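Shown next, in C-alpha cells, is the structure this report addresses.
Each value in this text was obtained by applying a stated rule to the coordinates, not by laboratory testing. Quantities reported herein were computed from a predicted structural model and do not represent experimental measurements. For neighbour counting, all protein chains shown are included, and Cβ atoms are generated from backbone atoms with ideal geometry for every residue, glycine included.
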Amino acid sequence: MKDKLKLLIELQEFDNRIEDLRKREAQCPLKIEELEHAWQAEQAKAKSVMERLENLNKEKRGIEREIQDLESRIEKSNNKLLNIKSNKEYSAALKEIDDLKKAKFITEDKVIQVMEQIEEVEKEASERKKKEPELRAQYEKSKSQISEELSSLRKELGSLDNKRKELVQLIDQDLLRRYVMIRERRNGIAICPVVNGVCQACHMGIPPQKFNELIKSQDLMTCPNCSRIIYWAQEKDFQQRQSVVS
C-alpha cells in the first residue's frame, strides 16, 4: 500500500505542477495583449500630440492672415485720410482706424497665446520622440521575454505530460479513478499527509483510534472530515522520499 500511496503522491505532484504551469501559460497571451494595448495607447498619445500641434499651427496661420488683413485695412484707411475734406468724415475715418487697431491688438494677443501653446506642445512632442526608441525597445524586450516564457512553459508541460502518462500506467485504474474523483471535488488535493494527528488539507483533527489505525494499517485510508486519501507524514518511507517534480 505504501508503494501505491507513493505513486499517488507523485501523481499529485505532477498534477499540481501541470496545473500551475497551465495557469501561467494562460496568462502569457493576456500579458502580451496588455503590453500591446499599452504600446498602442502610447502611440495614440504621440499621434494626438502631433495632431494637436498641426491644428495649432493651422490656427496660427489663420490668425496671422487676419492680422495681415487688418494691417491692409488700416493702411487703406490711413490713405483715405489724405482725401477726406469734411471734419465729420475725418472723425469717422479716425474711429474706423482706431477700431481696426484695437482689433489688430486683440488678434495679435490671440496669436501670442497660440504660439505659447505651440511651444509647449512642441516640447512635449520632442520629449516623446526622444523616449520613443527606449519605449519601443522595452516593449519589444518584454514581448520577447513573454514569448520565451510561453515557449519554455509549453516545453516543460510537454515533458511533464509524457512523464505523467508513464506514471499513470503504474497505478491501479480503480485507484486512479478514485484519485481523480477526489481531486475534482476537493480543490485539486486528493491525497495529503497527517501531521501530529491533523489532516493537512482540511486542518481537522483525526480521531485517536483512526490515527492509530493510520500508523499501523496497510490499507488505504481517508480523512473522516474531508474524505481525502491520507497518509502518516512521519512514516520513514514518506519522510525520505523526494519530490519528483523540480
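For M221, the residues whose amide H sits under 5 Å from its own are I230, ignoring neighbours fewer than 5 places away on the same chain, with H placed 1.01 Å from N.
Summed over qualifying helices (DSSP H, 4 residues or more, each -39500 (n - 2.57)) and divided by its residue number, the chain shows a 222 nm mean residue ellipticity of -28500 deg cm²/dmol. Helix 173-185 and the long axis of the chain differ in direction by around 40°, with both axes built from C-alpha atoms. Here's the list of lysines a cross-link from K123 could span, going by alpha-carbon distance under 16 Å and ignoring same-chain residues fewer than 8 apart: K45, K47, K131. Since only G197, L220, N187 are under comparison, the one whose Cα sits farthest along the positive direction of the charge dipole of segment 177-220, derived from C-beta charges on Lys, Arg, Asp and Glu, is N187. Assuming charge only on the beta carbon of Lys and Arg (+1) and of Asp and Glu (-1), the dipole of segment 100-246 about its Cα centre is about 260 debye to the nearest 20.
Semi-axis lengths, largest first, of the ellipsoid equivalent to segment 14-168 are 73, 11, 8 Å, with √(5λ) applied to each eigenvalue of the Cα gyration tensor. Magnitude of the charge dipole for the chain, about its Cα centre and with charges confined to Cβ atoms of Lys, Arg (+1) and Asp, Glu (-1), is about 480 debye. Ignoring aspartates and glutamates fewer than eight residues from K163 along the same chain, the ones with Cα atoms less than 14 angstrom from its Cα are E10, E13, D15. Extending 7 Å from Cα along the Cβ direction at K88 and again at Q27 yields two label points whose distance is 8.9 nm. For the pair E36 and A125, what calculated FRET efficiency results from E = 1/(1 + (r/R0)^6), where r is the Cβ-Cβ distance and R0 = 30 Å, to the nearest 0.05? After rounding to 0.05, the efficiency reads 0.80. By the count of other C-beta atoms within 10 Å, a proxy for reagent exposure, D69, D174 are ordered fewest to most as D174, D69.
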